[in-house]
1. Check each of the GluC sites (Glu not before Pro) in the stretch A:247-343 and keep only those in coil by DSSP with at most 14 other C-beta atoms within 10 angstrom; list them in order.
2. Expressed as a rounded percentage, what relative contact order does chain A have, with Cα pairs under 8 Å and six or more residues apart?
3. For the protein assembly as shown, evaluate the Debye formula with one uniform point scatterer on each Cα (no solvent term) and list log10 I(q)/I(0) at q = 0.06, 0.08 Å⁻¹, rounded to two decimals.
4. With runs of 4+ DSSP H residues as the only contributors, calculate the mean residue ellipticity of the protein assembly as shown at 222 nm using -39,500 (n - 2.57) per run, divided by the residue total and rounded to the nearest 500.
5. Mean separation of Cα pairs under 8 Å and 6+ residues apart, divided by the residue count of the stretch A:79-261: what relative contact order is that in percent?
6. Which whole-Hz ³J(HN,Hα) couplings does the stretch B:121-129 yield from phi under the Karplus relation 6.51 cos²θ - 1.76 cosθ + 1.60, θ = phi - 60°, glycine and proline marked x?
7. For residue B:61, which lysines qualify as cross-link partners when the Cα separation must be under 29 Å and same-chain residues fewer than eight apart are set aside?
8. Rounded to two decimals, what is the ratio between the C-alpha radius of gyration of the stretch A:171-326 and 2.2 N^0.38 Å?
Amino acid sequence: MKIAESFRISWRSITGHKLRSTLTTLGIILGIGAVIVFMVLGGGFEKDIIGEFEGEESTSIQVITTTESNFGQGTAQNKIYTEHDMEAIGEIDGVDWVAPDGSLQVVQLSHQGKTVTGGGAGSTFSVTATNPDRFRADLFEMTAGEPFEKGAMDQAVVNENFVKLYDGDVSVGDEVELDFRNKPSQTVTVTGIVNDDTGNGIPPRVHVDLQHYETTVQTPRGAEERAFSYLLVNAESLDQVDQVKKDIQGYFDGDSDARALKGDEQTIEAQTTEDAIEQFQQIVDQIAILLGGIAGISLIVGSIGIANIMIVSVTERTREIGIMKAVGARKRDIIQLFLVESIILGAVGAALGVITGLGIGYIGISVAGWPMAYPTTWILIAVAVGIFVGVLSGSYPAYRAARVDPIEALRRE
Amino acid sequence: MSQAEPTHRKNKVGDTDATVRFSGVQRTYYLGEPVHALDEVSLSLPEGSFTAVMGPSGSGKSTLMNMVGCLDTPDDGTVTVNGQDVGALSDGKRARLRGSELGFIFQQFNLLPRLTAAENVTLPMVFQNVVGESRRDRAKTLLARVGLGDRLDHTPPELSGGQRQRVAIARALVNEPSVILADEPTGNLDTETGSEIMELFAELHDDGSTILMVTHERHIAEHADRIIHLVDGQIEEIEHVTENPPVQGSETA
């Protein structure tokens, strides 16, 4: 029997039971649809963030502390990078500058009489103390004004989200009063506005000079020094990035304060922007695969649905099978007919699932404001899975159909 | 004239122009105790012959029919259809033989309800891998021959009982079979429709088709050349019909 013929006949019996066929494929549609939705959302999120860096090679290297736990990798905020470490890194060949991020606790801030109370961790605002070099980083873009002067306690750079907080009513030269939690409040003049939006939800932020930062730790050498949880290092040129990264890593693996201060389960990592993107991609991929895997369970349910319906269908069509055998159908013809039918159900379900998934994913992405991503690989996998599910769930029913005894089948009333 | 003697049947086996030959066919079912559905049956269906099989229920009529139809195989003895030993064939080859050499006509019509009349007629061609427009033409010719030239695209539920049986007859003819097997072809039809169908059988017979028909109605059986009477799996009598009833006339049920 020609394949095209079995498609024609199987299609006829599928459309002959429209409601049943629809309900049968619904399981596959939902399963594959859900997988595709997660892949579209994950892809869009990833693109949104990575899009910021794309095409731009960066000379930045960040030094972070990661923690291995049962729940995967996390970033620790321990203040282990001392001023001594900073100086040592500054002397490494090829390093242009080193800038720390020291977080300050500001409970309230006022600008032109409008006071805003912080709502972040510990009900504080995100104010970071750093040095003006920080604004030379590739990821930072001064959109107005210029960095504050080194050592100037009464100057600050605010980010664009801060400007948004005041409905755009902030410009260079304005004064902002910072109400620190544990020291007298300070009025600073805005010298510049920076775009530091890397996509992943940067809060309104004020950058001030490192002089404001007073948190100190006891170093292993017995000194009392200021320490930070994060360092940003810039190499002099792109060619030097990899070497500088290796040297920084080498320094921290050697005799550094940070190595002595870090916890046992913590790791100090020097990351280039590329490393960071890669790591981020891995995390998003893992989440997407996890969610996709959960969605995949409904695929299994869907395939059981197809198998179930096909078995019922074989019983119901026993007489038809008998007729076909009487007019010359061989076992393989019958197997072919039933397999083609379940493959059609699986493949059509997969195709509709992909369309549904892309549609819902597109809506989700539009709401989130991310770019659309077409998970081509997953679409191909979905279609393959649909056909596979069809074969798998149709095999046993088809085998049963082929074994129908035409004499018995035709005797049935 | 009765020819029930085994010696005579043995002679028949030697006929060279016989389309179907049974020689010493034995078929036993074990339903608690052995039931001899066919017991040492030998017979032959010469080409162009019209044979009716009569007998009480359980006499082996259906088994005989299934044997000729390659749906069943003998426990002992041989059945040959068009020279091929049915029992020696593989399952797939038997199916092929069924599709090419045999045409079935059932009491229940047994059409596929979702296919049109034309598609039902050409279904056996599908399994013989005949493709293309020739199929549609073939269906058209055959349906016209059974008087349904204007019902090509009707599905069985849209047709009357007699019309369905005509579609089934057209289907039985589609691959130009060596033997047409009819199992109570008028059993589900009223007398008038039944006699119309028998008229069609008479035409097929006149055109040279070999027909084997199972029936329990005497007046239906009389359309054949001869009537085989089966009792308890054995041929009790082979009766030669000298005068066929008029096909057009009304028959008392």
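1. Numbers: sites: A:265, A:269, A:274, A:278, A:316, A:320, A:341; in loops: A:265.
Answer in residue order: A:265.
2. Numbers: 759 pairs, mean separation 119.8, N = 413.
Averaging sequence separation for qualifying contacts and normalising by length gives 29 percent for chain A.
3. -0.58, -0.71
4. The helix contribution divided over the protein assembly as shown gives -14000 deg cm²/dmol.
5. On the way: 386 pairs, mean separation 60.7, N = 183.
For the stretch A:79-261, the relative contact order is 33 percent.
6. So the J values, rounded to whole Hz, are 4, 8, 3, x, 5, 4, 6, 9, 6.
7. Hits, sequence-local ones excluded: A:325, A:331, B:10, B:12, B:93.
8. Working: Rg = 30.2 Å, N = 156, 2.2 N^0.38 = 15.0 Å.
The stretch A:171-326 yields a ratio of 2.01.
The values are calculated or read from the model by the stated rules, or taken from the named source; none is laboratory data. Remember, predicted model here, so these are calculated numbers, not experimental data. All Cβ positions, even for glycine, are placed from backbone atoms using ideal geometry, and neighbour counts span all protein chains on display. Side chains are part of the model used for accessible areas, which takes the heavy atoms of the whole protein and leaves out ligands, DNA and RNA. Shrake-Rupley method; radii C 1.70, N 1.55, O 1.52, S 1.80 Å.
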